[in-house]
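Report on one structure; see the data block that follows.
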Amino acid sequence: MWREISGRETGQTRPSSFHNRVKSNRTASLQLSNHKDIVSPHRGSINSLQVDLTEGRYLLSAASDASAAVFDIQRATDFQGGGGGIIAKHRCLFSVDKHHETGHKYAVSSAIWYPVDTGLFVTGSYDHYIKVWDTNSTQVVMNFKMPAKVYRTAMSPVATSHMLIAAGTEDVQVRLCDISSGAFAHTLSGHRVMFGVGDGGELMILVTADGVMTVEWSTSNEWVLVTGGCDGAIRFWDIRRAGCYLVLDQSKSQLGRRPPILPRSVLNKCSSSKALSVGQSVAPKSRVQQKRNAAGNGIKQAPASRAPTKGPQKQRLHPGMLSIQDRATAHYGAVTGLKVTDDGMYLLSAGSDSRIRLWDCESGHNTLVNFETVRLQTSKPIQLATTDDSILAFVPCMTAVKAFDIWSGKNLLTFRGHYESVNCCWFSSKDQELYTGGNDRQILVWSPSRLISDEMDTGPTGDRDNWSD
Amino acid sequence: MEENGGKVRILIEKATNSTAAEVDPRFLKAIKSVVRHSDSELRLAAETLMDLMKRDHSQVRYLTLLIIDELFMRSKLFRTIVVENLDQLLSLSVGFRRNYPLPAPQAVAAAMRKKAIEFLEKWNSSFGVHYRQIRLGFDYLKYTLRLQFPNLQANAARIQQERREREMRTKEILLNKFETLKENFSSIKEEIQSTVDEIVECLEIVRDKGESLMPGPLDVEDEEFEGFHSSELRQIRLDSLKEGEKIHESAENKVVFDTLRELYKLLVSKHMVSVQEWISVLIRVELADNRSRDSMLKELIDTRNRLQSTKKKCMESGCALPDPTKNDREEEEDFWEEGKIESTGIGSSSQPDELKGVLSAGSTCAKVKSDASESGDARTEFNDPLGRLGGEAESSSLRTKLLAEAPSVRTKLLAEAPSIEWSSFLDNWGSRVVLANQRGLELDNHWGRVDPDAVIPAKKIAELNLHSTVYKEDRDQIQPCRAPLRKGGLCQRSESSVCPFHGPIVPRDDEGNPIYQGTPTSETTVDLGADLAEQLAKQAVKNVRDRDNEESRKRKMDKHSQKRAKLAKIREHNEAVLKDAALASTSRSAVIGEDVERTRNKKETLASMLRKKVTTKDRLAQKLLNTRTSEATVRQLSLGEDTNYREAFPNQW
C-alpha cells in the first residue's frame, strides 16, 4: 500500500493505474460490513436494489410487501454500539408502501432511478402497474397500466434522445413506456410462450413463470435493448427498427468466425437455418424439431407457440420481423438475469438451468466461459452486478452471493450472510461496496475491510480472547 | 505441528463420542489447553467441529455445539472463523431449514435446539456489536422465524428490578414505623416503666410477708449440719432451703399474687415483644440523621435489659409461676411416666394401685423432701441414707419383692419370645391395616387429589413384611491352647484349630499335658517303658478278640454290603445322569444370562441412541396391518355384503 503511494508520489505509477489498483484491492477484500447497517423497513423479500447513477449516494430498494424505500448510504442516520457508536445505522429516508394513496397493491418487483438525476424513480409491480414517482414529493407522477405482472423495468443509462422505460412482464411482448408522452412507444414481440416440457427434449426444467423476466439496455448504444424471456431466448433489439436483430444461441460459440455479411438482409431463411445448424451436436433432438419448424417458415408452427402476429400464418412477414422465427435459445429454461458490462461489449446472462453465460455482444457468440456455479434461484428474476472494470461479476446463488472472475469463471469470493435466497445485488463502484437483498428482508452491505487503525478504536469493551484457564 | 493437529482432532472426536449430556470436563480442558497455544490448532478445531456438526446424529451435534460454545466465548480467532459459517451452524443446530431437519434422536435434538438458541442469545449479547453475522442470525431467528428466545438477560434485569422495588417498599415501611415510633416513644416508655414499677412494688409486698415467715436461726442450724455430710446431701439441702425461701401463695396474699401474675403476663407477652420489634426496626431503618435513632436504640436496649431483669426477679421469687394448678399437673405427669417405665418392665401388673403407691415412695422423694424441709425430724431422717421410715418399711419391702419377681417373669417371657432384628416394619407391629397416605409427607395438592383413607391391605403388608433370617452359627467359646510354656504357665493363645507355636489344639489337663483319647500311640509306649510287656500282651489279646469279632461281623455284613453296593451303583448312575442334565441346562442358561447381561451392561453407544424403541403400538400394528390380516378382514366384510346383495336381488347373480 505504502509502496504504491510512494510510487504514485514519485510518478512511477500512473494515476489511473494507481486508482484502479487500489480499487481492485478494495474490491478483492470485500466482506460483510460490521460498521454499516441498512435498517430495512421492508416486511417482504427485497427484489431489486439500485444506487443512483448520478451521485452514487441513494440506494433504492423494492420489496415484496409493495414497498419501495430510499436510503442514504453516505450518511448514517444514527449510531449504535459501545465505544462511540461503531455501528452506523442507515434508516430509510422515505418509503412508499401500500398505505400510500397511490402506492402499489402487490409486490414491487423492480425499482430504478431515473438515470439523469434522482428526482424521479420508477417502480414496476405485480399489480400490473409501472409508476413513475417524484422523489421529493413522493407522489406518483405517471402511471402505466401493463397487461400483466411486471417483472423488470429498465432505463438506458446512456440515453440522450429518449426517455423510455423498457418493461419485461408476464406477457411475452416487451413494452417501451415513454415518460415524456405517457404512452407505450413500442411493443416488441418476438419472445414466445414457454414451450412445453416435451418440446424441450431431455430438459425437464419446468418454469411456471411466463413472459419476459429481464430487460437490459446496452451501455454503449442507447438504441439497443436486450431482453431475456422465459422461453430461454435472449434477444437484441434495435428500437429504431422492427423486430430483433440478434437472437443469442448457446451453441454458437466460434468466436473467430464472423457470420457472412449478406445473409440476414437477403436470405433470412438461409441465415436462420444456418445459425441453427451450427450447434446440432449439442441438443440434436430439440434442434431437429426447431429446424423443421424453421424450415417450414412458420407454416408448421408448434401448437403451443402462439404467434404474436395476428395475421394468417402463411402471410409473408415483414423482412425485419423474420427473426421472430429464430428459435435459438441462450439457456435451457428461462433467462432470469441479464447484465451488460460497463463497456457494453459483453453480456452476462443467468438462467434457470443454473448456468451463467458470457456473450460477445458484437457477434452474439457464446464465449463458453465456465462459471463455477452451484445453483441459482429459478423462480424469480435475479439481479446481477459487475465491477466497472469488468473483472468481477456478482451473482446471487441461493443464500450466498458469489463473485466470479468474468474472464475465467473462477469463483473468487463467496459472500455468506443471508439466511434465505438472495434476489439482487448492486455493486457501487464509487465506494467499492456491494449491496445485497434477499428473501430474509435484509439489505446487507459488503464493504472492503477497514484499515488496522480503524480496527484499534473498538474501545476497551472490545472483542478479545478470554481464556479463563 | 502435523501430529499436534491430529491431537486436537482426536480429542474432539473422543469428546463427542459419548452418550452423556455433558462434555467430559477433562476432554474440554485438554481441548482448550491445546487450542489456546496455537492458531493452527484452533483453525483445525473449528474445521473439525464444523464437520462434526454435519454428522447425522443429534448427540454428536449437541456435544459439538457445547464445545463450540466453550471456544466461542474464549477465542477471538475462533469467533471469526465460526461466524463466517454461522448460518450453517445455526441451521445444523437449530434446524430451521425445513429441508434439513435435525436428525434423531428426537429428545437430544430438542435439547440441542434449545441450547443453540440460548447460545445465540448469549453470543449476541456479548459479541453482537462486533459481528454483524451474529446480529443477523439473531434477528433472523427472532424476527423472521419468530423463535422463542429464553430472554435470559431481560429476565435477569426484570428480577433485579423487582428486587429493588421490594427493597424500596420495605424501606418505606420501616421508615413509617420509625416515624410512628418516634411519635409514640415517650408514651410507650411510660407504659413500660409503670408496669415494671408495679411489678417491683408487688414483689416487695410479697417479699416482706415472706421474710416474716422465715425464721432466722434455721440457717445457722443448717450450716452445722452441712459440716459433716456428703456433698450430695448438701446439694439437696441447699435446694430445699431455696425452695423454702420461696413465698407460697396463701389466702391473704392471693390478691397480690394475682396482680403480679397479670403484670408478668403483660410484661412477657406484650412489652418484651414490642420492645424487641422496635429494636429490630431501628436497626434496619436507614436514615439520613442517625443521632436520634442511636439515642432511641440505646434507650430501648436499656428498657429491654430492665424488663429482662424484672422478669428474672419474678421468676426467682417464684411468685410469677404461671399457675399453681399447672405445676401440679406437671408433677403428676412426671410421676405417671416413671410408673409406666416400671410397669413395662414388670409386664402386666395385676395391682397397679399398689405399685403406684410403691413407686410414689421412690420417685417423689423431691416432694417429700420439700415437705419435710420444714420439720427438723424429717431432715434427720433424710440425713441418714440407710434409714428407713417406719411407716414405709412395709411398702418398700413389697417393692423389693416385686422388683425381684419382675425379672423372673420378664426372663421367662423373653426366653419364649422370638427375637427379631430391629427394622422399620416394627412401626406397624400388630396392626392389620396400614394407611397408605399417612407417611408424613404432605401429598395433597402436590400430586393431585389424594385419598387419605387409602389402606394397604393386610395381605400386602404381610408380603412386604416377610423377613428372612439368616442362620448364624453360634460362636462357641474358643479354647486356649494351654500348652506348657518353657518359662512356666500355660499358653493362653486362643485359636480355633491350630496354635502357631504348639501345633493343633488338643484337650489338655491342668499341667498342660494332652489328654489322649483312644489307643495310646508309640510315644506313650516309649515313655512308659516298664509296663511295655504287659501292655503288649494286653494289646495282642485285644487285637485277637477284635479280629474275631470283626470276622463274625463281616460274615454277617457281607450280604448287606453286596446289596448296598448294588443300590449304590444304581444311585450313582442316577445321580450322574441328573448331574449331567443339570449341568447342561445350567451352563446354557448361564451363558444366555451372561450374554443378556453383557448387552445390557454394555456402554450405551451413539448407534443405540438412534435405534427406535419398539412400542406396544408397533407390535400391534405389525400384527394388525400386515397384508394377510387386512385381506382377510376385507374378504370377511365383502362376504357379508355379498350375501346381503344376493338376498336382496336373488335373480341378479
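Structural remarks
- Summed over the stretch A:396-420, the residues that are within 12 Å of chain B (Cβ to nearest Cβ) and outside any strand (DSSP E or B) give a count of 6.
- A count restricted to the stretch A:360-406 and to residues that are under 28 Å from A:Leu53 (Cα atoms) and either outside the structural domain of A:Tyr346 (by TED's automatic domain parsing) or of a type in the set (Ser, Thr, Tyr) (or both) stands at 4.
- Check on A:Thr77, surrounded by fewer than 16 Cβ atoms within 10 Å (Cβ to Cβ), within 23 Å of A:Arg441 (Cα to Cα) and of a type in the set (Val, Ile, Thr): yes
- Out of B:Asn513, B:Asn465, sole residue that is polar (S, T, N, Q), closer than 30 Å to B:Leu536 by Cβ and either modelled with pLDDT of 70 or more or in contact with a strand residue (DSSP E or B) (Cβ under 8 Å, 6 or more places away or on another chain) (or both): B:Asn513
- Every test in (1) surrounded by fewer than 17 Cβ atoms within 10 Å (Cβ to Cβ); (2) farther than 30 Å from B:Phe96 by Cα; (3) of a type outside the set (Phe, Trp, Tyr) is passed by B:Thr144 save one, and that test is (2).
- For A:Gln12, the criteria (1) assigned to a loop (DSSP other than H, G, I, E, B); (2) within 14 Å of chain B (Cβ to nearest Cβ) hold in every case but one, which is (2).
- Selection count where residues are more than 8 Å from chain A (Cβ to nearest Cβ) and touching a helix residue (DSSP H, G or I) at 6+ places or on another chain (Cβ under 9 Å), scope the stretch B:136-160: 10
- Residues within the stretch B:89-98 that are among the polar types (S, T, N, Q) and within 12 Å of chain A (Cβ to nearest Cβ), tallied: 1
- Against the conditions (1) within 14 Å of chain B (Cβ to nearest Cβ); (2) assigned to a strand (DSSP E or B), A:Phe71 satisfies every one except (1).
- The stretch A:216-238, residues that are small (Gly, Ala, Ser) and over 19 Å from A:Pro157 (Cβ atoms): A:Gly229, A:Gly232, A:Ala233
- Screening A:Ser390 against (1) more than 13 Å from every other protein chain (Cβ to nearest Cβ); (2) surrounded by fewer than 19 Cβ atoms within 10 Å (Cβ to Cβ); (3) touching a residue at least 40 places away in the same chain (Cβ under 8 Å); (4) on the phi < 0 side of the Ramachandran plot leaves a single unmet condition, (4).
- Cross-chain or 6+ apart pairs with Cβ under 8 Å, the stretch B:159-173 first and within 24 Å of B:Val281 (Cβ to Cβ) and at pLDDT below 90, then among the acidic types (Asp, Glu) and surrounded by 10 or more Cβ atoms within 10 Å (Cβ to Cβ): B:Lys171/B:Glu286
- Residue count for the stretch B:42-59, restricted to those that are within 11 Å of chain A (Cβ to nearest Cβ) and either modelled with pLDDT under 85 or surrounded by fewer than 18 Cβ atoms within 10 Å (Cβ to Cβ) (or both): 0
- Applying the condition of being in contact (Cβ under 8 Å) with a residue 24 or more places away in the chain and part of a loop (DSSP other than H, G, I, E, B) to the stretch B:104-129 and asking which residue is nearest to the other protein chains (Cβ to nearest Cβ) yields B:Ala104.
- Single residue of B:Asn574, B:Asn601, B:Asn644, B:Asn543 found to be modelled with pLDDT of 80 or more, under 57 Å from the mean Cα position of the chain (by Cα) and on the phi < 0 side of the Ramachandran plot: B:Asn574
Conditions (1) away from every other protein chain (no Cβ under 14 Å); (2) closer than 26 Å to B:Leu145 by Cβ; (3) in a helix (DSSP H, G or I), marked per residue:
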residue	(1), (2), (3)
B:Ile10	yes, no, yes
B:Lys14	yes, no, yes
B:Lys29	no, no, yes
B:Ser40	yes, no, yes
B:Arg61	yes, yes, yes
B:Leu65	yes, yes, yes
B:Arg74	no, no, no
B:Leu77	no, no, yes
B:Asp87	no, yes, yes
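- Strands (runs of 3 or more DSSP E) fully within the stretch A:75-128 counting 3 or more residues that are closer than 21 Å to A:Gly437 by Cα: A:87-90, A:92-96, A:108-113, A:120-125
- Picking from residues in the stretch A:23-65 that are hydrophobic (A, V, I, L, M, F, W, C) and within 14 Å of another protein chain (Cβ to nearest Cβ), the one that is nearest to B:Ile81 (Cα to Cα) is A:Leu32.
- Between B:Glu331, B:Glu316, B:Glu249, the distinction of being modelled with pLDDT under 80, part of a loop (DSSP other than H, G, I, E, B), among the charged types (D, E, K, R) and surrounded by 12 or more Cβ atoms within 10 Å (Cβ to Cβ) belongs to B:Glu249 only.
- Condition met for A:Lys89 (of a type in the set (D, E, K, R), assigned by TED's automatic domain parsing to the domain that holds A:Val51 and at pLDDT 90 or above): no
- Residue in the stretch A:208-238 that is surrounded by the fewest Cβ atoms within 10 Å (Cβ to Cβ), counting only those that are part of a strand (DSSP E or B) and of a type in the set (Val, Ile, Thr): A:Val224
- Of the residues making up the stretch A:421-441, those that are in a strand (DSSP E or B) and surrounded by fewer than 23 Cβ atoms within 10 Å (Cβ to Cβ) are A:Trp426, A:Ser428, A:Glu433.
The values are calculated or read from the model by the stated rules, or taken from the named source; none is laboratory data. Only a predicted model underlies this, so the values are computations on that prediction, with no experimental measurement involved. Neighbour counts are summed over all protein chains in view; Cβ atoms, including those assigned to glycine, are modelled from backbone coordinates with ideal geometry.
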